[in-house]
Amino acid sequence: MWQTGMFKDILVPYDNSPPSQNALKIASDIARSNNATVHLLYVIQEVMLPNYFGRTQLNKTMKEYEKEIYNDLKAQALNLLQEQKQKNEKLGIPTKIGTSYGNTSKQILESIKKNKIDLVVIGTTSRKGLSKIRALGSVARKVSEESPCPVLLVH
C-alpha cells in the first residue's frame, strides 16, 4: 500500500462522472492514510467560437454569451465541489477546491505546478482495444505523460 507521509497534496480533476467519483474515493483513502490534502479541480473546457465573416459585432455578442455560460458553469462547478469538500471534511480529510477555464490537460498541469502536487488521481473511461488507446489519449494520457509527479489512473 502507500507509504505513510509519502503524499501531502493530491490533485483530483473532478467532473462528477463515475470515473472521477472513483478517483476521488481512492484519492481520499490515500489522503487519509497520509494526512494529505485533496485538491479538487473542475476544469471548464474552453469553447472556441468562430468569427463569422469578420463581423466584430456578432463576435462580441458571442464572446459575451460565452462569458455568461462560463459564469453559470463556474457557479455550478463550485457548488458540486463544495458538496464533495464537505463530505471529505466530515471524514477528516482536508480539501481545497477550485475551477479553471481553458484546455483541460493544460489547466491540470498548471494546477500541479501551482499547488506543488505530489500525486494526481485521475479517472479514465473503461474502453477496450484501439479505442482505449485513443480515449486515454486526450486528457489522462497527456497529464500522465507530462506531469512532474506520479499519476494514478482510475476507471
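The values are calculated or read from the model by the stated rules, or taken from the named source; none is laboratory data. Since we're looking at a predicted model, the values are computed, not measured. Positions of Cβ are backbone-derived with ideal geometry, glycine not excepted, and every protein chain shown enters the neighbour counts.
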Residue within segment 141-153 that is among the aliphatic types (A, V, I, L, M), assigned to a helix (DSSP H, G or I), crowded, with 17+ Cβ neighbours inside 10 Å and modelled with pLDDT of 95 or more present: yes
Hey, Leu109 part of a helix (DSSP H, G or I), touching a residue at least 12 places away in the same chain (Cβ under 8 Å) and either out of contact with any helix residue (DSSP H, G or I) (no Cβ under 9 Å at 6 or more places or on another chain) or over 21 Å from Asp9 (Cβ atoms) (or both) or not: no
Filter result for Asp9 (acidic (Asp, Glu), crowded, with 16+ Cβ neighbours inside 10 Å and under 10 Å from the mean Cα position of the chain (by Cα)): no
Test: Lys90 is at pLDDT 95 or above, surrounded by fewer than 12 Cβ atoms within 10 Å (Cβ to Cβ) and within 18 Å of Tyr14 (Cβ to Cβ): yes
